[in-house]
Structures are given as C-alpha cells and as structure tokens.
Amino acid sequence: MLSAGAFERTFVSIGGLQISGSVVMTWVIMAGLFLFSFLSSRTLSHKPKSLQTVLEGLVLVMEDAIDAVIPGKTALVFPFIATLWIFVFVANMLGLIPGLSSPTSDLSVTSALAILVFFSVHWFGVRSEGVKNYLRHYLAPTPLMLPFNLVSELSRTLALAVRLFGNMMSLELTAILVLVVAGPLVPIPILMLHIIEGVIQAYLFGMLALIYIAGGIQSQELRQEKERGRTS
Amino acid sequence: MHLSLTTFIIEIVNFLVLVWILRRFLFAPVKRAIEARRASVERMIEDSEKARTEAAAIRTQYENRLKDWNQEKDRSRAEFQKDLETEKTRQMKTFYEQLEQERAKARARDEQAAGEIRAAIERQAMRQAMDFSCRFLSSFASPELESRIIDLVTKRIESSGAPLAQFPPEGLRNGAKISVRSAFPLRPDQSSTLAKALAKNLGVPMEPVFSVDPALVAGLEIDLGVADLKANIRDELKLFSESGEG
C-alpha cells in the first residue's frame, strides 16, 4: 500500500503542469461516475429495475434531506450538494482499495471543495437576494459584528477543509501503521471503521455545506420578514 | 501535508465539471423518470377518481332509475289493484244480479211449483168435495127431485126467447135424433112435455131418444148434437168444481 502522501506528489507532468495523484484519482472518479451515470440513465424506464430503484431512492433521499433544510430552494442547490455527497463518499471509499488513496486525504482537494462551498454560499445568497441585500447581513445585527462574521466565514471554511482531510488522512495512516506493526488482516477492523467514517464524513461535509448555504439564504429571508413586519 | 495550487485549481475545475456531468447525466434523467412516474401515478389517480366519480354518477343515475321504476311499479300496481277492484266489483255486481235473478227464478219456480201443488191439492180437494157432494147429494136424489128439475128445465126452455142452439143443427133438420139422458126413468107426460118444449124452442119437429144414466144423480142431459144441455146434479157439481179450479 502506498503511503498517504504518495498521491500528493507529482504523478505526471504535462508541459510543466504538475498533475498529482489526487487529481488523477479525481479524474478516475469522474470518469467512473460519468460512465455509470451515462449507462444507467440510458436504461431508465417506467417500470424501474433494481438499479433504477436504488438511483431513484438515492436521489429522493438527498432531495428530501435538502428540502428539510431549505424548503423551496431544493432545485437550486440540489446539484451542488448532491455532487458533494456523491464525490466525497466515492473518494472516501476509494481508500479501501489496496494501492489507492482517497483524494479527500489530500489537503489540496479538501481545500478546493471547501473554497467551492465558501463561494457557493455567497453565490446562492447573492443569486437569491442580490449583492447589496446579501452583503448587508455581515453587518447584522450591528456593524460591529462585521469582523467576527468575516472570521467566522473563513474559519468555518478552513475547518471544513481540514476536518475532512484530517479524518481521511488519519484513517489511512492508522491503517498503514497497524499494518506495519501488527501485520496482514489486523487492519480489517480499521477498514470497517474507514467505511463508517467515510460515510459520516461525506454526509457531514455535504450537510455542513448545505447548512452554510441555507444560512446565507435564510438570513436574508428572515431580515426581509422583519422589515415587512416593521412596515406593516 | 502541503497545499498544491495546481491541484487546488484543477480540483475546483474537476468538481464543477463533475457537477455538470452528474446534473446532465444522472440527476436530470432520474428526476425526469421520477416525475414521469409521478405524473403517471397522478394521472392514474385522476383517472381512477374520474372513474369513481363516473361510477358514483352512474350509481346515482341507476338508483334514481330504480326509484322511478319502483314508483312506476307502485303506480302500475295501484292501477292494477284499482282495475282489479273495479272488475271485481263489476263481476260481483253481475254475480249478485245473476244470483238475484236465479233466486227470483227459483222463487218463481218455487212459487209456481207451490201454486201447482196448491192447485193440485185444490183440484184434488174439489174432486173430493165433488165426490163427497155427489155421494152426499146422491142420498137426497129421488124421482121427485128429478121431476122438479125436469119441470124447471121445461119451463126454462119454454120461457126462453133464444134458441138452445144458436145454429140449428142440420142433423136435426135431416131427421137426426136428440138424445135425452136422465138419472131416473121419465114418465110419459114428462117425456112428451119436454119433447114439445124442445121442438118449440128449436123450431124443428123431433122425437128425442130417452135413456137412463144413474151417474147423473138427479136431472137430465140433453145432447143436441152440437151442444149439450146439462141440468143434472153431477154436471153442476163438476162445473162448480171446475170453476173452483179455474
């Protein structure tokens, strides 16, 4: 098994562009998901078979989870959040395959996902309420809260990236250490823990992103409701 | 643990591409399939609801029709009962009329039969009375009584302006005989007086033939050929009894 940092190193160099193993694994995941999506969507029918039933169940479960947090905005954020869940889950599970490593154990990958969540919060917030109204919530409840709000935005993004990276990297390192110290078959319970942790981390990452986005949208709605209450 | 800017940027692009891929090739088709099925189910529910509504309407229609049929049936039954009662009344009336007629006929027949019986009894009584009278009067019959009857008949014949026979019998003109029957033998003077009186009345000379018939009880019977002159107890009683039967 390769070390946890092996995939962080340059896998291939294309015209001076250093392509890491994590990027290659991400492409593999993307290719696999594309093939799976393309092939499975061609066989969708009015009377679903087992695969279609699983897919529909998965989509509906994710849709219901999103709708429970931000009712009425599900269609807007569903593709982003659902892709986060699927990608992080698949990336986490990839670490179970011997010789491969989870892209999510690479800080660059988790940082990229976290920065995407960071910008998506502002994107959906601005798209929902406009730039001026959205930026106004940083001054709520008083302008004195602006530095704290900005720090909060940055810290939660950083936490999002480091949490996923730390958990997945620690799991892989733990498995490698147990393998080195105790020998073959002993890390199997650790791998079971990897599955649970991978599912939990995927769910947690997507759910936190969803809550941040919902916070950005709903804070505007709450403010508008208060203003309507004052005028009426 | 280090942060690679290249990886960072490429991963951002990768993720956005993945969002597009999943949205284009997974989420959209699956959602379309779900929506299509949901629409199909809703359509089926609508169709079933529509069918249920139509069934309810048809049921209501048939219930109303059944109600109408029941009303029509009741009305027809009432009319039939009414017709039946009318016909029954008519037939009962006819029956009672016929019965009354039959009773009247029976009563008439009974009355007729009773009348006939009564008449028969009366006739029988008259006959018995006549027989009794004949027997009773026979004890009073005598030549003297007959003599008085003959005298009375002779006087009547003589005093009568009208002839005994309205059309004088041709037989008398041609010499036919008049027979005179009496209960007792007549004396010669009585015979000649009677003959003269008859000849005078009829205007024809004659010689009656006299005979004796005790059945006459008393009196005589004159046979003129076309008519009989009866002046005796038996015929008087017989006439009496016949008049009683009449």
- Can you tell me which residue among A:VAL23, A:VAL59 is touching a strand residue (DSSP E or B) at 6+ places or on another chain (Cβ under 9 Å) and either touching a residue at least 60 places away in the same chain (Cβ under 8 Å) or within 11 Å of chain B (Cβ to nearest Cβ) (or both)? A:VAL23
- Message: Give all pairs with beta carbons closer than 6 Å in which a residue from the stretch B:17-35 that is facing chain A (nearest Cβ under 7 Å) meets a residue that is among the polar types (S, T, N, Q); count only pairs at least 6 apart in sequence or on separate chains.
- Response: B:LEU18/A:THR83; B:VAL19/A:THR83; B:LEU22/A:THR83; B:PHE25/A:SER37; B:PHE25/A:SER41; B:LEU26/A:SER37; B:PRO29/A:SER41
- Message: Looking at the stretch B:214-241 only, could you name the residues that are of a type in the set (Val, Ile, Thr) and either under 14 Å from B:ALA129 (Cβ atoms) or part of a strand (DSSP E or B) (or both)?
- Response: B:ILE222, B:ILE233
- Message: Pull out all pairs, ordered by first then second residue, where Cβ-Cβ is under 9 Å, the residues are six or more apart or on different chains, the first lies in the stretch A:64-75 and is buried (at least 18 other Cβ atoms within 10 Å of the Cβ), and the second is of a type outside the set (Val, Ile, Thr) and not in a helix (DSSP H, G or I).
- Response: A:ILE66/A:LYS73
- Item | In the stretch A:102-114, residue nearest to A:ALA175 (Cα to Cα) [restricted to those that are aliphatic (A, V, I, L, M) and facing another protein chain (nearest Cβ under 7 Å)] | A:LEU107
- Task: Answer with yes or no whether B:ARG148 is part of a helix (DSSP H, G or I), within 30 Å of B:LEU216 (Cα to Cα) and within 29 Å of the chain's Cα centre (by Cα).
- Result: no
- For A:LEU76, state whether it is more than 19 Å from B:VAL13 (Cα to Cα) and over 17 Å from the mean Cα position of the chain (by Cα). no
- Please verify whether the stretch A:73-87 includes one or more residues that are outside any helix (DSSP H, G or I) and more than 23 Å from A:ILE195 (Cα to Cα). yes
- Meets criteria (more than 14 Å from chain A (Cβ to nearest Cβ) and either out of contact with any helix residue (DSSP H, G or I) (no Cβ under 8 Å at 6 or more places or on another chain) or within 30 Å of A:VAL117 (Cα to Cα) (or both)) for B:LYS67: yes
- Item | Among the residues listed as A:LEU39, A:LEU84, A:LEU58, A:LEU35, the single one being surrounded by 18 or more Cβ atoms within 10 Å (Cβ to Cβ) and either aliphatic (A, V, I, L, M) or more than 18 Å from A:MET207 (Cα to Cα) (or both) | A:LEU84
- Can you tell me which of B:PHE95, B:PHE25 is part of a helix (DSSP H, G or I), over 60 Å from the mean Cα position of the chain (by Cα) and aromatic (Phe, Trp, Tyr)? B:PHE25
- Query: Is it fair to say B:ILE45 is aliphatic (A, V, I, L, M), under 30 Å from A:LEU55 (Cβ atoms) and more than 14 Å from chain A (Cβ to nearest Cβ)?
  - Reply: yes
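Condition check ((1) in contact with a Ser or Thr (Cβ under 8 Å, 6 or more places away or on another chain); (2) under 21 Å from A:ALA82 (Cα atoms)) across all residues:
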| residue | (1), (2) |
| --- | --- |
| A:TRP123 | no, yes |
| A:GLU153 | no, no |
| A:LEU160 | yes, yes |
| A:ALA182 | no, no |
- Scanning for something surrounded by 14 or more Cβ atoms within 10 Å (Cβ to Cβ), in contact (Cβ under 8 Å) with a residue 60 or more places away in the chain and more than 22 Å from A:VAL199 (Cβ to Cβ), does the stretch A:161-177 turn up at least one residue? no
- Condition broken by A:LEU96, with the remaining ones in (1) of a type in the set (A, V, I, L, M, F, W, C); (2) surrounded by fewer than 17 Cβ atoms within 10 Å (Cβ to Cβ); (3) assigned to a helix (DSSP H, G or I); (4) in contact with a Gly (Cβ under 9 Å, 6 or more places away or on another chain) satisfied: (3)
- Query: Can A:THR157 be described as closer than 28 Å to A:ALA68 by Cβ and touching a helix residue (DSSP H, G or I) at 6+ places or on another chain (Cβ under 8 Å)?
  - Reply: yes
- Candidate set from the stretch A:28-45 (those that are facing another protein chain (nearest Cβ under 7 Å) and at pLDDT 90 or above); member that is farthest from A:VAL90 (Cα to Cα): A:PHE38
- Look through B:GLU100, B:GLU63, B:GLU72 and report the one residue that is in a helix (DSSP H, G or I) and at pLDDT below 90. B:GLU100
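The values are calculated or read from the model by the stated rules, or taken from the named source; none is laboratory data. The shown structure was predicted, so the numbers you read here are calculated from the model rather than taken from an experiment. Glycine also receives a Cβ, built like all others from the backbone with ideal geometry; neighbour counts cover every protein chain displayed.
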